[in-house]
Amino acid sequence: MHAPRSTESAEPSDEATGSFGQDDSGEAGSGTGGTSGPPAASAGWLRWGWRQLTSMRTALVLLCLLALGSVPGSVLPQQGSDPAAVQQYYASHHWLAPWLNRIGLFNVFASPWFAAIYLLLFASLVGCVVPRTFRLAGSARTPPPRAPRNLARLPHSASYASELSPEAAVDAAASVLGGQRFRLRRPASGDVGHDAGHWVSAEKGYLREVGNLIFHLSLLGVLIAIAIGGLFGYKADKLLVEGSTFADTTSALDEFHPGRLVAGSDLAPFSLTLDTFTATYLTSGQSAGQPESFSAKVTYAATPGGQQRTDNIEVNHPLSVDSVKVYLIGHGYAPVFRVTNAKGQVSYEQATPFIPANTGTLLSDGVIKAPDASLGFMGVFVPTAVMTNGTLESLFPAADNPAVSLIGYSGDLGMNSGVPQSVYQLDTTGMTKISGSPHLMYQGQTWKLPGSRGSITYVGTKQWVSLAVTYDPGQIPALVCGLLAIAGLLLSFFVRRRRMFVRAVPAASGAGSVVTVGGLTRSDASGGFEDEFASLSAELAGQDRPAPPNNQSETGA
Amino acid sequence: MAVNLGMAHVSSDFMIVALLVYSLAVLAFAGDYAFGRPRRATASAAAPEAERSTELAAVGAAVGAAVAAGSASAAEVPAGQAVTGGGSADGAAAGGTAQGVPSPRLGAFRSIWAAGPWVRGAVTLSTVGMLAHLVAVVSRGAAVHRAPWGNMYEFITALTCVAAIFFGYIVVRYRAWALGVFVMGAVVLALGLAETIIYTPAGPLVPALQSYWLSIHVTAMTLATGIFFVAAVLGLLYLVAERYRARIAAGKAQAGNGLLDRIPSAAALDKLTYRTAIFGFPIWTFGVIAGAIWADQAWGRYWGWDPVETWAFITWVIYAAYLHARATAGWRGARAHYIQLLGFASLITNMLVVQVFITGMHSYAGVN
Amino acid sequence: MFRARRRTVITAATVAAVLLAGALAVTLLTQGNGNASDSMIEYPAGHRPLAPDFTATSLTGTPIKFASYRGKTVVLNFWGSWCPPCRDEAPTLEAVAQQYAPKGVAFLGDDVADTPVNALVFDRGASISYPSVNDPGYAIVQDFSQVAPISDTPTTVVIDRTGHVAGMVLGAATYADLTTLLRDAAVTR
């Protein structure tokens, strides 16, 4: 992207190649970066610093830093995606974790130093792209350079004899090249000496630089799109039990991560009911127990009181409401319990979500809190229960033989103190364990607690799904920019900027002319120009129906 | 749909056949080194020429022409002339572009035939192996009723197939059979690894992978990885060739007819590696974008810095650094290649280490 | 060598400057804080948003129309029996309800993410005299969220006699919060 180096200008035919190089080189010395050393005045410092920033070497260093900086973000647990794992890391690395946190390694991609790297990189990018855009516009207006004197010294050259006069030969060549959509230049009336005579210059391949610029600008576009999403978008999670409804409002959501400029009233006012959730698993073969399909049948309304619609949310098939998408992320079981107090009155009846501890067998943990009966339970739900050596295990993730094993506690659950508690955790300080636990129950069974404390019945089993609700206005722009980036990339890789020169001089014998063709391409081009040159030369030669090509005459020269 | 066990067996069998045939091909390529026709005997004589030609190669000149200008008979040269000018290996026979109008290239297959029995055998064996490999991959797809790159084993077998086919293309386009030992050798190693340690029997996909995006995202990644695989092998070869060239230039080594004289010149390898890498880079970019689109469909966000996503990004950045380095003269030589190899190392880390050992949403390797 | 050192100093200074800019940008882009803390919001008379109307079923099954409360000041409390701060503030709400009942103030609960059984058990245990509507899906909360920034449970909203939202408490309500809101809600002009 940044400039070619001075080696190219050392080539013969400086004008032909020199301006080629000059088109794309930055300000003098930008590539090597301040060879003249730091200047005296402060404006000079700034200019020098800017040249440093936009130099290729800096871009390289920043790219490597960007890659290197991403590594800890993939190896260490990150706050944004797995806060529980971060906590675990703290627990197992008491000494190291706080220091890692201080340098932002638990939230790498939102840390200031990572931002500094990519901001610097984009500053360098913009600082390069903008001048190059101007230069491209300029070079698109300037005609190709004049044909060099001695075409044989170019990297690609050929010569042939022609029956036509020099002028006619060059005209024929010009029409061939023009037909190939080269931009042409012919000698002007003011040209003298070798610049007069019969020649044509042709140039093609400006799309390469266009592609290059589109690619780099698209990357900038992606960054801006990500920023838009981060400011105006939001992500939320909701756990929903079969039969339940939820309205898309901040209080209802389990997790809500709004962008900086998002207010609660910006949420799309839809509501959604989970009618049923169906999960199927492979029942036989090597991969028995592997999930086969997940399908959540939902009924939703886009506005309160609006028309009710039904849909199936599956993995890879999210639901789209307004411009918000609802995704099926996870699932689990919510066994239904009924708790009666010491007086036999029903104190609690609800489907209680249990969280899978083992994603393969769906053995799940959960907690039942019945504060008004002064009872709390924690335990394990097993969808297909089997006892192995006295341990309860799950054989299969479908609820073929559901069972729960509970440990009971009686006493004050601490829920009236006002301190918020997680619904999945039971605070047993201030409670006494009930004897006889853990107690195993199959569906429909009741456990009468000793000491006439009450009872708990395992009534039935429902399933729950966890849904992700996301809104990202920067999504489509990011996609568009990404696709543009690829288009630009392909253009810049596979289009070559190249020049062809044709000169004709009268033949020594007097009749016809000797035509020399020369070709030049950018040095870091992907190649293949040899073939194009060969075929173009052949076509030019063929136009004039010359004598057979004499490749032996100059061998060894 | 249930797995078609018959097809699964066909796939396994043909995969083993491909592995065996590839191994024989590698032996034949090695045999060409040991016993085949001398090549580049002219390289030693044209050593000073080689220096200038290296410079010209840097500006895209046809080195073959310059070297061939001083070579012996035209008939001998095209047969033995492996890639020297990176793209105009035909230049030797045609008189290159230095003089006269270039005549059409010598037929690729005639060149291979003329290169001697070892090369003939090696290329034939490689082709047979490639066909068997292709049958194995396709039948695996037929067995599982979906694109056959749904887990680590399938991914490796598919990408090695891509690498082998791409190498075949290079052999025909650039007469690069001298690279056979290295590229096909690496393919054999990778395939062997897949067959032994990473093997996963044919089976259906978990729901998260049941999407048409599998055909788009993973296909692109497979293609790109296969191509980067070849570029990495070529890059390693470049470093070897470059070191050898430097040693000859410094007088520390004698150019002769050994192994190192038979591999193409450093300049040619440099160009070829570059062209291969830039072929793979847009495909990798597309694969990352397709993955982002799929992630949005499946997980609700198009980028979440999941470990595999992050390492795909790291790989992309490193290859971008390689492309930038190559545009800077000071970095053009070995330094740029180190970056390219680092990029491939990052790719391999992503594939074999991150996907398997670091938990994230991307753990579909099927390997435990 | 001297040149090289100065070059390094300049580069380092530039990086530091951009780091600062980066930190600023990151702060701007970082996701907003969704937490609510105990705080009170009041709207002066004349600038009060209109409270949405709703019809719902009480915990005991009787229909309740919000429109029927027009003419009274209403304290609408969003709560759940599973929510410790809600359980904590309930006695305060009951006490204020008793105190202000003769002054034409009605208290109404909106029980969210709960079952009628669980909620009634709590109400009975805490001797709550005012009714609650059953709102397991947060539908009424959603309606109110469009006009007032309700973000968590518990939240208590005070609606004046004309049916406009006069103020709200985010988090558990204290006696002082409620009496202040009720005094200010009485001023409707």
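The values are calculated or read from the model by the stated rules, or taken from the named source; none is laboratory data. As the structure is a computational prediction, the values presented were derived from the model and not from experiment. Cβ atoms come from the backbone with ideal geometry, glycine included; neighbour counts cover every protein chain shown.
Taking the criterion of being part of a helix (DSSP H, G or I), crowded, with 20+ Cβ neighbours inside 10 Å and modelled with pLDDT of 50 or more, would at least one residue in the stretch B:86-102 satisfy it?
no
Mind checking which residues of the stretch C:140-168 are among the hydrophobic types (A, V, I, L, M, F, W, C), touching a helix residue (DSSP H, G or I) at 6+ places or on another chain (Cβ under 9 Å) and within 14 Å of chain A (Cβ to nearest Cβ)?
C:Ile140, C:Val141, C:Val147, C:Ala148, C:Ile150, C:Val157, C:Val165, C:Met168 - these are the residues of the stretch C:140-168 that are among the hydrophobic types (A, V, I, L, M, F, W, C), touching a helix residue (DSSP H, G or I) at 6+ places or on another chain (Cβ under 9 Å) and within 14 Å of chain A (Cβ to nearest Cβ).
Counting only residues that are crowded, with 23+ Cβ neighbours inside 10 Å, out of contact with any helix residue (DSSP H, G or I) (no Cβ under 9 Å at 6 or more places or on another chain) and modelled with pLDDT under 80, give me the helices (runs of 4 or more DSSP H) lying completely in the stretch B:252-368 with at least 3 of them.
It comes to none.
Here is a list: A:Val108, A:Val126. Which entry is closer than 19 Å to A:Leu63 by Cα and in contact with a Pro (Cβ under 9 Å, 6 or more places away or on another chain)?
From the options A:Val108, A:Val126, the qualifying one is A:Val108.
Mind telling me which of the residues A:Leu105, A:Leu46, A:Leu68, A:Leu119 ends up being part of a helix (DSSP H, G or I), farther than 19 Å from A:Leu213 by Cα and either within 12 Å of chain C (Cβ to nearest Cβ) or over 20 Å from the mean Cα position of the chain (by Cα) (or both)?
One residue alone meets the criteria, A:Leu46.
Going by what's in this entry, would A:Val298 be described as in contact with a strand residue (DSSP E or B) (Cβ under 7 Å, 6 or more places away or on another chain), hydrophobic (A, V, I, L, M, F, W, C) and either closer than 30 Å to A:Leu363 by Cβ or more than 9 Å from every other protein chain (Cβ to nearest Cβ) (or both)?
Yes: the conditions hold for A:Val298.
What single numbered condition from (1) within 11 Å of another protein chain (Cβ to nearest Cβ); (2) modelled with pLDDT of 80 or more fails to hold for A:Val86?
A:Val86 satisfies all of (1) within 11 Å of another protein chain (Cβ to nearest Cβ); (2) modelled with pLDDT of 80 or more except (1).
Could you please let me know if A:Thr457 is at pLDDT 85 or above and either buried (at least 20 other Cβ atoms within 10 Å of the Cβ) or of a type in the set (Gly, Ala, Ser) (or both)?
no
For the stretch C:109-176, please list each of the strands (runs of 3 or more DSSP E) lying entirely inside it that holds at least 1 residues being in contact with a Gly (Cβ under 8 Å, 6 or more places away or on another chain).
C:132-135, C:155-159
Within the bounds of the stretch A:396-408, is there any residue that is aliphatic (A, V, I, L, M), part of a strand (DSSP E or B) and surrounded by fewer than 19 Cβ atoms within 10 Å (Cβ to Cβ)?
Among the residues of the stretch A:396-408, at least one is aliphatic (A, V, I, L, M), part of a strand (DSSP E or B) and surrounded by fewer than 19 Cβ atoms within 10 Å (Cβ to Cβ), which makes the answer yes.
Scan (1) within 14 Å of chain C (Cβ to nearest Cβ); (2) touching a residue at least 40 places away in the same chain (Cβ under 8 Å) for the single condition A:His216 breaks and write down its number.
Going through the list (1) within 14 Å of chain C (Cβ to nearest Cβ); (2) touching a residue at least 40 places away in the same chain (Cβ under 8 Å), A:His216 breaks only (1).
Spot the failing condition for A:Ala279; the list is (1) within 14 Å of chain C (Cβ to nearest Cβ); (2) assigned to a strand (DSSP E or B), and only one is missed.
For A:Ala279, the exception is condition (1).
Could you list all residues from the stretch A:304-334 that are outside any strand (DSSP E or B), modelled with pLDDT of 90 or more and β-branched (Val, Ile, Thr)?
Result: no residue meets the conditions.
Can you say whether A:Val419 is within 29 Å of C:Val121 (Cα to Cα) and among the aliphatic types (A, V, I, L, M), as far as the supplied structure shows?
The answer is yes for A:Val419.
Would you kindly identify the strands (runs of 3 or more DSSP E) lying entirely within the stretch A:174-275 that contain at least 3 residues that are in contact with a Pro (Cβ under 7 Å, 6 or more places away or on another chain)?
The strands (runs of 3 or more DSSP E) meeting that bar are A:198-204, A:234-241.
If a residue has to be touching a Pro at 6+ places or on another chain (Cβ under 7 Å), within 11 Å of chain B (Cβ to nearest Cβ) and touching a residue at least 60 places away in the same chain (Cβ under 8 Å) to count, how many in the stretch A:311-337 make the cut?
3
Applying the selection to the stretch C:50-78, what residues are among the aromatic types (Phe, Trp, Tyr) and in contact with a Ser or Thr (Cβ under 6 Å, 6 or more places away or on another chain)?
Within the stretch C:50-78, C:Phe78 is the sole residue that qualifies.
With respect to B:Thr225, is the statement that it is within 11 Å of chain A (Cβ to nearest Cβ) and not hydrophobic (A, V, I, L, M, F, W, C) true?
No.
On the given criteria, is A:Ala173 crowded, with 20+ Cβ neighbours inside 10 Å and within 14 Å of chain C (Cβ to nearest Cβ)?
In short, no.
Restricting the stretch A:454-470 to residues that are facing chain B (nearest Cβ under 10 Å) and of a type outside the set (Val, Ile, Thr), which is farthest from A:Phe232 (Cα to Cα)?
A:Leu467
Please state which one of A:Ala227, A:Ala263 is hydrophobic (A, V, I, L, M, F, W, C), in contact (Cβ under 8 Å) with a residue 40 or more places away in the chain and either under 30 Å from A:Leu479 (Cα atoms) or surrounded by 15 or more Cβ atoms within 10 Å (Cβ to Cβ) (or both).
Going through A:Ala227, A:Ala263 in turn, just one is hydrophobic (A, V, I, L, M, F, W, C), in contact (Cβ under 8 Å) with a residue 40 or more places away in the chain and either under 30 Å from A:Leu479 (Cα atoms) or surrounded by 15 or more Cβ atoms within 10 Å (Cβ to Cβ) (or both): A:Ala227.
Among the residues of the stretch A:420-440, are any in contact (Cβ under 8 Å) with a residue 60 or more places away in the chain, more than 30 Å from C:Leu170 (Cα to Cα) and not in a strand (DSSP E or B)?
no
Take the conditions more than 29 Å from B:Pro204 (Cβ to Cβ), surrounded by fewer than 19 Cβ atoms within 10 Å (Cβ to Cβ) and either within 11 Å of chain B (Cβ to nearest Cβ) or aliphatic (A, V, I, L, M) (or both) and apply them to A:Ala357. Does it pass?
No; evaluated as a whole, the condition is false for this residue.
Residues are listed down the side, and each one gets a yes or a no for (1) more than 10 Å from chain A (Cβ to nearest Cβ); (2) farther than 28 Å from B:Leu239 by Cβ:
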{"site": "B:Ala298", "(1), (2)": "no, yes"}
{"site": "B:Ala321", "(1), (2)": "no, no"}
{"site": "B:Gln340", "(1), (2)": "yes, no"}
{"site": "B:Leu352", "(1), (2)": "yes, no"}
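Hey, A:Leu207 hits all of (1) surrounded by 20 or more Cβ atoms within 10 Å (Cβ to Cβ); (2) within 39 Å of the chain's Cα centre (by Cα) but one; which does it fall short on?
For A:Leu207, the failing item is (1).
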